[in-house]
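Q: The structure is given below, and queries will be raised subsequently.
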Amino acid sequence: MILQRPKKRVSYLNTAIGFPEFGRGGWVTGLILLFYVVFYIFLAGLFALTMYVMLQTLDEHKPTWQDRLSTPGMVIRPKADETFEIVYNIQNTESWDMYTQTLDKFLAPYNDSTQAQKNDECTPDQYFLQEDSGDVKNNPKRSCQFNRTMLEECSGIHDRYYGYQTGKPCIIIKLNRVIGLLPGKDGQTPYVTCAAKKEDSDKIGELMYFPPNGTFNLMYYPYYGKKAQVNYSQPLVAVKFLNITVNQDVNIECRINANNIVTGSERDKFAGRVSFKLRINTI
Amino acid sequence: MHVNIFPISGFVQDSYNMFEMDGEMEKKKKKKIKKKEKLEGMKKEMDIVSNDSYNELEMRYNTSVTKGMTSTFAQQILERDGPNELKPPKGTPEYVKFARQLAGGLQCLMWVAAVICFIAFGIELSRGNLTCFDDLYLAITLIAVVVVTGCFGYYQEFKSTNIIASFKNLVPQQAVVIRDGKKNQINAYQLVVGDLVEIKGGDRVPADIRIITSQACKVDNSSLTGESEPQTRSPECTHENPLETRNIAFFSTTCLEGTAATGMIINTGDRTIIGRIASLASGVGNEKTPIAIEIEHFVDIIAGLAIFFGFTFFVVAMFIGYAFLEATIFFMAIVVAYVPEGLLATVTVCLSLTAKRLARKNCVVKNLEAVETLGSTSVICSDKTGTLTQNRMTVAHLWFDNHIHAADTTEDQSGQSFDQSSETWRSLARVATLCNRATFRPDQEGIPIPRRLVVGDASETALLKFTELTVGNIMDYRNRFKKVVEVPFNSTNKFQLSVHELEDPLDLRYLLVMKGAPERILERCSTILIKGQELPLDEQWSEAFQTAYMDLGGLGERVLGFCHIYLNEKEFPRGYRFDPDEMNFTTSGLCFAGLISMIDPPRATVPDAVMKCRTAGIRVVMVTGDHPITARAIAANVGIITEGSETVEDIAERKRIPVEQVNKRDARACVISGGQLKDMSSDELDDALRNHPEMVFARTSPQQKLIIVESCQGSIVAVTGDGVNDSPALKKADIGIAMGIAGSDAAKNAADMILLDDNFASIVTGVEQGRLIFDNLKKSIAYTLTKNIPELTPYLIYITVSVPLPLGCITILFIELATDIYPSVSLAYEKAESDIMHLKPRNPRRDRLVNEALAVYSYFQIGAIQSFAGFTDYFTAMAQEGWFPLLCIGLRSQWEDVHLQDLQDSYGQEWVNIKMCDWLGTGFLLPPCLFVCRNRVLVSAIVFQLLLGNLLCYCPGMPNIFNFMPIRVQWWFVPVPYGILIFVYDEIRKLGVRRYPGSKLKFITSLTIFFLSITLSTVHPVSSH
């Protein structure tokens, strides 16, 4: 019987292109390197192409998806570095000076003069809609004025120190910008309320909100994005603590009240609310 | 038939030396040196074994050759010596086995990673930062992974060991012992030295015993010596060597015939000869299995690379300006991302799946890793008896009417039968039937004749079964011819005869039937039966007889001659007193009826299996204790020696030249007997193995078997065997294969695999499965490696370019251990490439499980494509949510700043810091799915993967537990173009391999040109645009 000669073992996995082995001709090594260069150029090209195509599909003014922004976040000013605490000593000017400076800087764009120059006066209590008509873009879009004076006692105009010097500090609260967000349904104006955490409820004392009732006027919505609405002024709410207990930690939580915004779950501590600690030392 | 014990005794001497026992050689040496009494005492002990008088025996063991010892004393000895049973080889303690599962190379890396996590967590904690529990979770997960995979591996190992435990004979052996002068039946393990035991035909010898009285006692020493010829046991000491003397029967051998021989126990338990050989086997080191070596090799590479990558990026991170702690965490994360945590579990599952499949085909694997070993095997040293052959003498040929007739030797009697019409056949059958002392054991009506149990020796059994099959109802037939007298076979006469009354009550003649060695039978004949006619036996018939005898003998068959005569009615009337000793009747001038030859025929499936091995590039070497002629005949029959192959002796005979002048390279086949082997140096043996592809070793001793196995090693050797004497070779082999039915416990203990049906053909299945699992493991590992790159690159990009982290560690662990296990395992179900049994066995030094080509292919080609796919998906998702690619770069520190709650995206929207680290991670789930798939299981695996991925993504509550966020359905489809690319690329590569099988160069060139042309053709319209 004639023997069948065993064939050389050829497995497809075995014969993948190997790295250049030493001892082979230099030009083989070169060829393999060339292959990899071409291969990676090809891949990079494909990557660039897909990126390019993907970027083409994006709208300049509005992100494709906003599913992670259904509840906008809230932030306070002034903000000390790395913490959500405002702790200072009335006696020690330096301890609160930085807060007032932060606020000065933050509020500078809201100066009445600047606002009057850049933005329009709008009809309050209704959305300021500037829809595009079909393909004709209605750009650039105008923005409504939010004047610093609307913050009254917390505007820093009459009281340069925002009440910090007297132990009646102002905290400014803003709602994160989200394109197209229309807070409040059926003409109801969203407003901010602040309260102390349970154990501190008797320490917080009286509060004052500016604008009155701590509302975000509807005319500032919707937001059309930084490209279309270059001079957009984010509405603010200031909270003034009139007789907060001194020399003790007071934990405060402020939240947005709007009938179409669900304030945050346990997990997202900054969705529709903000917590911080306030402590004013007198000694 | 003469019995060559010599090499065997040599072996046992060695074993004696090994155990510092007093062997013959030692004895001689000591005689020379003339040492003190102590040594004399030891020598004496040896003497006792064979030629002490009974008195001395009684003195020594405080016993009596008639009454046995007292029960109380026996009890004392039992306490002193321990029970009479072989101690199972010391296994590794269970906790060590478990610890080993936890301390592999990869596991150690994971422990280190877990420790780093704990330290990081501890530092965070001491800083008072309680918000970050991620490190703790990760540490716990890592430890859980190690422990769970460890438990899993341990369980698999435990399960396969358990299979073996179930083989152990649960029914304790019984023995008849005489104590206090009374016969008792007790469990054999309670026997002690000095006990008087009784054995009879069919019993297993319960310990090493010195025969005191015996009657026609014969034992089967095959499990000890490999010699299948029954050997007589009698009280006389016939030889100085305990192994050759007749008055000692050995533990675990079987007493074939004889009634109530008594003997005194001289050794029990592990001190018996069998016990010593068994412990010799456990002394032979266990070789590492090839797959274990491969996996170790792989783990080394992976661990090395993981540490290398980790360290490199640790240094890079330090340079970039990360804090030390952060850099350490990066190191840990890279290790976690890089190490294929699920791989070991995958390998275990793949192996145990194959083990299960093999078990269904009658191969039970003791050590999971042995599953693959058979696939790498390039030499099989096969035992003859029982493995290649049916292990029962069967009538193969008959010579009558001057013609050789072939009988049916198949196991199930499915073969052709011969012409039974001749008158001569009837006479021959009558002689064969009557001149036969073998009988069937009672109550076996339902069992097919070839499998019935018979009392009698091998050739008589063969004849009995043969006549039962051809004539039918032998017991009845014998009763019709009443036996008057018989002379049993003995070595001087070399014949056996009996005288019978005739069936016909009117015919008062006696019939004398005789069988025996053909030449002796012929001497006594004067006529020959041809076609029913009695013709004078002249020169011509004599010559015809000689030719037939030589022919049958040349086939390695045992030939018996048969003749008969009707005794003269007047000379031997009814009632004549026949005297078997005097032989007062006619024993010459008989009528020759014919020859019947017997052989242990090969199993029907074996020739095909050997052929398959040969096409698979596996050499089958026969190593047997049997005669060279028989061995050669069987080898030729099953195809170990192929048709047309000649040995050196054949060529010498054909060319009529002396053996020395023949060029050894011309002879394909070679038969080496144990005697020749003894005089060969190991170099000569290696030479012979190299020069002759078809080898048969005959008359080999266990030690020689070991030498042969060692000479073959270098390539991977499989050894089959069943006897205790095979156990050292079984252990030495890369894979020892024991026989499930005929195999002794010692052989099964030493083996890695057990063939439940004792069939050589099952080995071929094993080889096929072993090769398949190797190929499939390769695919599985390629899949795993491929996946590693898209898991690792996010981290590298995260560290160097500071994009938000695309894929977190916990997610990686989920991908590795939850969603990807099933696809990896499903690759074990891949069908064999059709020519798997037409390829040479792999070269263990060259064909690694993971070689450069595989790694390069997985890492730099498919892995690269998948990474690009992952990043495409990541950047797409980010961009569509409002984070353009360029903004992402360098965003990391702000992104991860817990206190920055109004981070601006590309549209001017402000984001709070949501724990986004993992919300895109699942996008990386998809690319591995794109790995090319072929079979249905793999498709179902991918469906499973997608479902589990979806569950992890979309199940409510998941975000809180694992930080997974549902990803948009649209994003699943982003990597599709890359999937198509992988598919197309792989197909092209396969095509290239097929088209340019030899030339890597052309293949690479064409691939390069292919990619270059695509790149250019896309660049061209874009640039001209």
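The values are calculated or read from the model by the stated rules, or taken from the named source; none is laboratory data. What you are looking at is a predicted structure, and each value in this text was computed from that prediction instead of being measured. Virtual Cβ from ideal backbone geometry, glycine too; neighbours counted across all protein chains shown.
Yes/no matrix, rows are residues, columns are (1) acidic (Asp, Glu); (2) in a loop (DSSP other than H, G, I, E, B):
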position	(1), (2)
A:Thr71	no, yes
A:Gln91	no, yes
A:Glu94	yes, no
A:Asp104	yes, no
A:Leu107	no, no
A:Phe128	no, yes
A:Glu131	yes, yes
A:Lys141	no, yes
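Q: Taking the condition farther than 25 Å from B:Gly342 by Cβ, touching a helix residue (DSSP H, G or I) at 6+ places or on another chain (Cβ under 9 Å), of a type in the set (Val, Ile, Thr) and surrounded by fewer than 20 Cβ atoms within 10 Å (Cβ to Cβ), does B:Thr765 pass?
A: Working: farther than 25 Å from B:Gly342 by Cβ: yes; touching a helix residue (DSSP H, G or I) at 6+ places or on another chain (Cβ under 9 Å): yes; of a type in the set (Val, Ile, Thr): yes; surrounded by fewer than 20 Cβ atoms within 10 Å (Cβ to Cβ): no.
Answer is no for this residue.
Q: Out of (1) of a type outside the set (Val, Ile, Thr); (2) out of contact with any strand residue (DSSP E or B) (no Cβ under 9 Å at 6 or more places or on another chain); (3) touching a residue at least 24 places away in the same chain (Cβ under 8 Å), what's the single condition that is false for B:Pro844?
A: B:Pro844 satisfies every listed condition except (2).
Q: If you don't mind, another one. Are there any pairs, at least 6 apart or on different chains, whose C-beta atoms fall under 9 Å, with the first in the stretch A:55-72 and within 7 Å of chain B (Cβ to nearest Cβ) and the second among the small types (Gly, Ala, Ser) and part of a helix (DSSP H, G or I), and if so, which?
A: Close Cβ pairs (under 9 Å, with a partner that is among the small types (Gly, Ala, Ser) and part of a helix (DSSP H, G or I)) amount to A:Leu55/B:Ala879; A:Leu58/B:Ala879; A:Pro63/B:Ala879; A:Thr64/B:Ala879; A:Trp65/B:Ala877.
Q: Shifting gears a bit: Select, from B:Pro823, B:Pro804, B:Pro794, the only residue that is crowded, with 24+ Cβ neighbours inside 10 Å, more than 18 Å from B:Val347 (Cα to Cα) and of a type outside the set (S, T, N, Q). Steps first, please.
A: Numbers: B:Pro823 fails: more than 18 Å from B:Val347 (Cα to Cα); B:Pro804 fails: crowded, with 24+ Cβ neighbours inside 10 Å.
Checking each option against the conditions leaves just B:Pro794.
Q: Exactly one of these conditions fails for B:Trp895: (1) at the interface with chain A (Cβ under 10 Å from one of its Cβ atoms); (2) more than 23 Å from B:Tyr783 (Cβ to Cβ). Give me its number.
A: The failed condition is (1).
Q: Name the strands (runs of 3 or more DSSP E) wholly within the stretch B:457-522 that hold at least 2 residues that are within 24 Å of B:Ile599 (Cβ to Cβ)?
A: Working: elements: B:483-487, B:495-501, B:510-516.
Ranges flagged: B:495-501, B:510-516.
Q: Does at least one position in the stretch B:899-907 carry a residue that is modelled with pLDDT under 80, under 30 Å from A:Pro222 (Cα atoms), over 46 Å from the mean Cα position of the chain (by Cα) and more than 8 Å from chain A (Cβ to nearest Cβ)?
A: The answer is yes; a qualifying residue exists.
Q: Would a scan of the stretch A:8-28 turn up a residue that is assigned to a helix (DSSP H, G or I), at the interface with chain B (Cβ under 7 Å from one of its Cβ atoms) and at pLDDT below 85?
A: Restricting attention to the stretch A:8-28, the residues satisfying the condition of being assigned to a helix (DSSP H, G or I) are A:26-28.
When the remaining residues are screened for being at the interface with chain B (Cβ under 7 Å from one of its Cβ atoms), the result is A:28.
Then drop every residue that is not at pLDDT below 85, which leaves A:28.
Yes, some residue in the stretch A:8-28 is assigned to a helix (DSSP H, G or I), at the interface with chain B (Cβ under 7 Å from one of its Cβ atoms) and at pLDDT below 85.
Q: Being assigned to a helix (DSSP H, G or I), touching a residue at least 12 places away in the same chain (Cβ under 8 Å) and either surrounded by fewer than 20 Cβ atoms within 10 Å (Cβ to Cβ) or within 25 Å of the chain's Cα centre (by Cα) (or both) is the filter here; which residues of the stretch B:665-686 pass it?
A: Within the stretch B:665-686, the subset assigned to a helix (DSSP H, G or I) is B:665-666, B:674-678, B:682-686.
Filter once more, keeping what is touching a residue at least 12 places away in the same chain (Cβ under 8 Å): B:665-666, B:674-675, B:677-678, B:682, B:685-686.
Across the stretch B:665-686, the qualifying residues are B:Arg665, B:Asp666, B:Gly674, B:Gly675, B:Lys678, B:Ser682, B:Leu685, B:Asp686.
Q: Further question: For the stretch B:531-548, indicate whether the set of residues that are under 30 Å from B:Thr387 (Cα atoms) and of a type in the set (A, V, I, L, M) is non-empty.
A: Yes: one or more hits.
Q: Checking B:Leu785 against (1) aliphatic (A, V, I, L, M); (2) surrounded by 24 or more Cβ atoms within 10 Å (Cβ to Cβ); (3) within 14 Å of another protein chain (Cβ to nearest Cβ): exactly one of these is not met. Which one?
A: Of (1) aliphatic (A, V, I, L, M); (2) surrounded by 24 or more Cβ atoms within 10 Å (Cβ to Cβ); (3) within 14 Å of another protein chain (Cβ to nearest Cβ), only one is false for B:Leu785: (2).
Here is a yes/no grid of residues against (1) surrounded by fewer than 20 Cβ atoms within 10 Å (Cβ to Cβ); (2) of a type in the set (A, V, I, L, M); (3) not in a loop (DSSP other than H, G, I, E, B):
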{"site": "A:Lys185", "(1), (2), (3)": "yes, no, no"}
{"site": "A:Ile204", "(1), (2), (3)": "no, yes, no"}
{"site": "A:Met208", "(1), (2), (3)": "yes, yes, yes"}
{"site": "A:Asn213", "(1), (2), (3)": "yes, no, yes"}
{"site": "A:Lys226", "(1), (2), (3)": "yes, no, no"}
{"site": "A:Ser233", "(1), (2), (3)": "yes, no, no"}
{"site": "A:Glu253", "(1), (2), (3)": "yes, no, yes"}
{"site": "A:Asn259", "(1), (2), (3)": "yes, no, no"}
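Q: Please work out which residue is modelled with the highest pLDDT, limiting yourself to the stretch B:705-722 and to residues that are crowded, with 24+ Cβ neighbours inside 10 Å and not hydrophobic (A, V, I, L, M, F, W, C).
A: The residue in question is B:Thr720.
Q: If you don't mind, there's one more thing I want to ask. Is one or more of the residues making up the stretch B:166-175 modelled with pLDDT of 70 or more and crowded, with 19+ Cβ neighbours inside 10 Å?
A: Looking through the stretch B:166-175, at least one residue is modelled with pLDDT of 70 or more and crowded, with 19+ Cβ neighbours inside 10 Å.
Q: Report yes if B:Ala345 is under 32 Å from the mean Cα position of the chain (by Cα), buried (at least 17 other Cβ atoms within 10 Å of the Cβ) and assigned to a helix (DSSP H, G or I), otherwise no. Before you say what the answer is, go through the steps one by one.
A: Values: under 32 Å from the mean Cα position of the chain (by Cα): yes; buried (at least 17 other Cβ atoms within 10 Å of the Cβ): yes; assigned to a helix (DSSP H, G or I): yes.
Criteria met by B:Ala345.
Q: Given the criteria of a type outside the set (Phe, Trp, Tyr), in contact with a Pro (Cβ under 7 Å, 6 or more places away or on another chain) and free of Cβ contacts under 8 Å to residues at least 24 places away in the same chain, does A:Met51 qualify? So that I can check it myself, show each step before the final result.
A: Numbers: of a type outside the set (Phe, Trp, Tyr): yes; in contact with a Pro (Cβ under 7 Å, 6 or more places away or on another chain): yes; free of Cβ contacts under 8 Å to residues at least 24 places away in the same chain: yes.
Judged against the criteria, A:Met51 is a match.
Q: What single numbered condition from (1) more than 10 Å from chain A (Cβ to nearest Cβ); (2) surrounded by fewer than 20 Cβ atoms within 10 Å (Cβ to Cβ); (3) touching a helix residue (DSSP H, G or I) at 6+ places or on another chain (Cβ under 8 Å); (4) more than 30 Å from B:Glu768 (Cα to Cα) fails to hold for B:Leu887?
A: (3) is the only condition that B:Leu887 fails.
Q: Now a separate question. Can you pull out the residues in the stretch B:807-843 that are within 14 Å of chain A (Cβ to nearest Cβ) and small (Gly, Ala, Ser)?
A: B:Ala832, B:Ser834, listed by residue number.
Q: Within the stretch A:198-205, is there a residue that is of a type in the set (Lys, Arg) and farther than 22 Å from A:Asn147 by Cα? Walk me through how you get there before you give the answer.
A: The initial filter retains those residues of the stretch A:198-205 that are of a type in the set (Lys, Arg), namely A:198, A:203.
With farther than 22 Å from A:Asn147 by Cα added as a condition, the list becomes A:198, A:203.
Taking every residue of the stretch A:198-205 in turn, at least one turns out to be of a type in the set (Lys, Arg) and farther than 22 Å from A:Asn147 by Cα.
Q: For B:Leu849, indicate whether it is in contact (Cβ under 8 Å) with a residue 60 or more places away in the chain and either at the interface with chain A (Cβ under 7 Å from one of its Cβ atoms) or of a type in the set (S, T, N, Q) (or both).
A: On the way: in contact (Cβ under 8 Å) with a residue 60 or more places away in the chain: yes; either at the interface with chain A (Cβ under 7 Å from one of its Cβ atoms) or of a type in the set (S, T, N, Q) (or both): no.
No.
Q: Give just the number: which of (1) outside any loop (DSSP other than H, G, I, E, B); (2) crowded, with 22+ Cβ neighbours inside 10 Å does B:Thr387 not satisfy?
A: (1)
Q: State yes or no: is B:Tyr829 out of contact with any Asp or Glu (no Cβ under 6 Å at 6 or more places or on another chain), surrounded by fewer than 24 Cβ atoms within 10 Å (Cβ to Cβ) and under 30 Å from B:Lys612 (Cβ atoms)?
A: In short, yes.
Q: Assess whether B:Gly532 counts as being modelled with pLDDT under 90, more than 47 Å from the chain's Cα centre (by Cα), among the small types (Gly, Ala, Ser) and surrounded by fewer than 18 Cβ atoms within 10 Å (Cβ to Cβ).
A: yes
Q: When you scan the stretch B:498-517, how many residues do you find that are aliphatic (A, V, I, L, M) and touching a Gly at 6+ places or on another chain (Cβ under 8 Å)?
A: So in the stretch B:498-517, the residues aliphatic (A, V, I, L, M) come out as B:499, B:502, B:506, B:508, B:511-514, B:517.
Among the residues that remain, those that are also touching a Gly at 6+ places or on another chain (Cβ under 8 Å) are: B:517.
Adding up the residues that qualify gives 1.
Q: Let me ask something additional. Output the residue which, of all residues in the stretch B:872-884 that are within 7 Å of another protein chain (Cβ to nearest Cβ) and out of contact with any Asp or Glu (no Cβ under 7 Å at 6 or more places or on another chain), is farthest from B:Phe983 (Cα to Cα). Talk me through it step by step, then tell me what you get.
A: Of all residues in the stretch B:872-884, those within 7 Å of another protein chain (Cβ to nearest Cβ) come to B:872, B:875-876, B:879-882.
Okay, now just the ones that are also out of contact with any Asp or Glu (no Cβ under 7 Å at 6 or more places or on another chain), so B:872, B:875-876, B:879-881.
Values: B:Thr872: 18, B:Phe875: 23, B:Thr876: 22, B:Ala879: 27, B:Gln880: 27, B:Glu881: 30 Å.
Selected residue: B:Glu881.
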